[in-house]
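Reviewing the structure listed below.
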Amino acid sequence: MAIQTNDSSSHRLLSTAELATYLGVSVSTVKRMLRDDQIPVVRVRSLIRFDLQAVVEALAGDPSPPRRCR
């Protein structure tokens, strides 16, 4: 999966829905990827957020890209 970011947004914290939109997958796919330890998470109190750069780096090394929703 070729995911590119620009420097200005690379350290942005995204919600589950925002990350799903960015990746072009469903929210349930993001939650499955989190559950399966495919992507790193940042917990802010009770909130779950994703560091875009860390997710991109994790997925760049993952041989099985997320399934895209139709």
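The values are calculated or read from the model by the stated rules, or taken from the named source; none is laboratory data. In this text the structure is predicted, and so the values were computed from the model without any measurement. Using ideal geometry, Cβ is built from the backbone for each residue, glycine included, and neighbour counts are taken over all protein chains shown. The protein model used for the area step is the full one, side chains on, heavy atoms only, and it has no ligands, DNA or RNA in it. Shrake-Rupley method; radii C 1.70, N 1.55, O 1.52, S 1.80 Å.
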Just to verify a result, which residue in segment 21-52, among those that are of a type in the set (S, T, N, Q) and open to solvent by 70 Å² or more (accessible area, probe 1.4 Å), is modelled with the lowest pLDDT? S46
So for segment 3-20 (the condition being within 12 Å of the chain's Cα centre (by Cα), assigned to a loop (DSSP other than H, G, I, E, B), modelled with pLDDT of 95 or more and of a type outside the set (D, E)), does at least one residue qualify? yes
Across (1) open to solvent by 50 Å² or more (accessible area, probe 1.4 Å); (2) touching a Leu at 6+ places or on another chain (Cβ under 9 Å), V55 clears everything bar (1)
Those residues of segment 21-47 that are in contact (Cβ under 8 Å) with a residue 12 or more places away in the chain and either in a loop (DSSP other than H, G, I, E, B) or of a type outside the set (A, V, I, L, M, F, W, C) (or both) come to a total of 9
